[in-house]
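These notes concern the structure reproduced below.
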Amino acid sequence: MATIQKNTESIGMKITVNHGEREGKIVKSSKTYGDIKESVTDDAFVATAKAIAGMQEPIREKQVKVTAEELIEVA
């Protein structure tokens, strides 16, 4: 039976912000930042998202840690 090996290819930070209501609809946008260190702690991740969003006009709604992993079947 083969086993699956997992290799992390990249880690990113996706920040979603809320621009408020326009013409009766909530307007949101997101920005993804790449090259996040694999060793980043959850506290550091959230603090960085807050710092980035704090320099922007819209309200930070959420931050998502995006991890791309390659799955390799090893015989």
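FYI, it's all coordinate maths here, none of it is from the lab. Predicted, not measured: the structure shown is a model, and the values here were computed from it. Using ideal geometry, Cβ is built from the backbone for each residue, glycine included, and neighbour counts are taken over all protein chains shown.
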Residue within the stretch 14-23 that is surrounded by 10 or more Cβ atoms within 10 Å (Cβ to Cβ), in contact with a Gly (Cβ under 9 Å, 6 or more places away or on another chain), in a strand (DSSP E or B) and not polar (S, T, N, Q) present: no
Flag if Ala49 is within 14 Å of the chain's Cα centre (by Cα) and either acidic (Asp, Glu) or not in a strand (DSSP E or B) (or both): yes
Search result, residues across the stretch 51-75 that are of a type in the set (D, E, K, R), farther than 12 Å from Lys6 by Cα and loosely packed, with under 12 Cβ neighbours inside 10 Å: Glu57
Odd one out for Asn7, checked against (1) in a strand (DSSP E or B); (2) within 10 Å of the chain's Cα centre (by Cα): (2)
Pair list, Cβ under 7 Å, 6 or more apart: the stretch 47-66 residue basic (Lys, Arg), other residue assigned to a strand (DSSP E or B): Lys50/Arg60; Arg60/Ile15; Arg60/Val17; Lys62/Thr16; Lys65/Ile11; Lys65/Met13
